[in-house]
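Here is the structure we will look at.
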Amino acid sequence: MSFSTAEITGLIGSYLWPFFRIAALVMAAPIFSSNFVNVRSRVLIAIALSILIVPTIPNPAPAVEPLSAAGLLIVVHQLLIGVCMGFMLQLLFNGFIIAGQIVAMQMGLGFASMIDPQNGVSVPVISQLYLIFVTLVFLSLDGHLILLRVLAESFVTLPIAPSGLPHTSYRDIVGQASWMYAAGVIVALPAIGSLMVVNLAFGILSRAAPQISPFSIGFPMTIALGFAIIYITLGSASAHLVNMADEMLQMIRLLVTPNG
């Protein structure tokens with residue numbers, strides 16, 4: 001059995017080009033990109049996903065030499081597409097990290113921080129609590145499987161070609177940063193309002209009875225009430241996650257559907 005150079009190039013290209021898009025998403029998307037998952041495991045996950053997804057792609061990969069200028073251009077575009085998809089999902093998780101930072105500052109726990117294993121940076125412990133909660137809910141709702149479905153659909157809506165995402169798509173991705181901050185404020189809004197009332201009550205008490213020195217008990221009381229408010233509002237945070245995750249996955253789907 002003999003294979004021609006064109007057949008070998010086509011076989012390599014049919015798996016090589018999708019692999020770069022899949023690997024870029026695995027390296028950038030939350031959960032997959034966690035520090036708990038080492039680089040070797042991420043590469044193995046990308047290879048396994050490529051073996052599963054490539055046979056479902058209806059459009060064949062272009063017959064381009066991998067080491068040619070056109071081949072390198074395809075590689076760059078596939079990497080950018082995968083990174084953009086993963087980055088947009090990161091905005092969803094970062095929105096809850098921002099919500100945790102806002103709540104921690106309102107409670108007086110802004111100084112209590114720890115290393116976030118997801119991003120490798122120092123964040124307040126409340127943000128870490130929200131991140132763990134959001135990750136578990138996201139996995140329980142099969143959000144990672146929906147993301148992989150959107151990834152497989154992207155090879156149909158945005159086939160592998162020397163041309164990648166439109167220039168306007170990158171501008172839209174940057175504009176999603178405002179969505180991230182708005183999502184964080186929406187999640188933290190009940191705690192912000194409740195803790196503001198608590199602080200206002202202590203302020204009025206300090207003016208009405210300064211000899212009691214309410215601020216000596218106000219700090220531990222604010223922390224205790226803050227945890228109680230988090231416990232009460234955690235159910236609404238999961239509801240926000242469902243709505244925001246659906247919205248963000250729709251945004252990712254529109255990103256890889258230029259004509260949509």
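The values are calculated or read from the model by the stated rules, or taken from the named source; none is laboratory data. Note that the structure is a prediction, hence the values are computed from the model and not measured. With ideal geometry, Cβ positions are generated from the backbone for all residues, glycine too; neighbour counts draw on all protein chains shown.
See the values below:
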| item | result |
| --- | --- |
| Hey, I81 assigned to a helix (DSSP H, G or I), at pLDDT 85 or above and closer than 30 Å to N199 by Cβ or not | no |
| Residues (out of contact with any Asp or Glu (no Cβ under 9 Å at 6 or more places or on another chain) and not small (G, A, S)) located in the range 83-97 | V83, C84, M85, F87, M88, L89, Q90, L91, F93, N94, F96 |
| Contacts under 6 angstrom Cβ, first residue in the range 38-50 being within 15 Å of L148 (Cβ to Cβ), partner of a type in the set (S, T, Y) and not in a loop (DSSP other than H, G, I, E, B), 6 or more apart | S50/Y15 |
| Candidate set from the range 94-144 (those that are among the hydrophobic types (A, V, I, L, M, F, W, C) and assigned to a loop (DSSP other than H, G, I, E, B)); member that is modelled with the highest pLDDT | L141 |
| Any hit, the range 37-57, residues being within 16 Å of the chain's Cα centre (by Cα) and either charged (D, E, K, R) or modelled with pLDDT under 80 (or both) | yes |
| So A188, is it over 30 Å from V54 (Cβ atoms), assigned to a helix (DSSP H, G or I) and touching a helix residue (DSSP H, G or I) at 6+ places or on another chain (Cβ under 8 Å) | yes |
| Residues of the range 244-258 satisfying the condition of being in a helix (DSSP H, G or I) and either in contact (Cβ under 8 Å) with a residue 40 or more places away in the chain or under 14 Å from the mean Cα position of the chain (by Cα) (or both) | M244, A245, D246, E247, M248, L249, Q250, M251, I252, R253, L255 |
| So G203, is it part of a helix (DSSP H, G or I), modelled with pLDDT under 85, under 26 Å from the mean Cα position of the chain (by Cα) and not hydrophobic (A, V, I, L, M, F, W, C) | no |
| Of residues in the range 86-109 being over 23 Å from M251 (Cβ atoms) and among the small types (G, A, S), the one nearest to the chain's Cα centre (by Cα) | A104 |
| Yes/no for L11 being at negative phi, surrounded by fewer than 17 Cβ atoms within 10 Å (Cβ to Cβ) and modelled with pLDDT under 75 | yes |
| Scope the range 151-185; condition under 17 Å from W17 (Cα atoms) and among the β-branched types (V, I, T); matching residues | V156, T157, I160 |
| In the range 64-75, residue modelled with the lowest pLDDT [restricted to those that are in contact with a Phe, Trp or Tyr (Cβ under 9 Å, 6 or more places away or on another chain) and part of a helix (DSSP H, G or I)] | G71 |
| Any pair with Cβ under 7 angstrom, 6 or more apart, that starts in the range 90-110 at a residue that is on the phi > 0 side of the Ramachandran plot and ends at one that is in a helix (DSSP H, G or I) | G108/F219; G108/T222; G108/I223 |
| S216 modelled with pLDDT under 85 and among the hydroxyl-bearing types (S, T, Y) | yes |
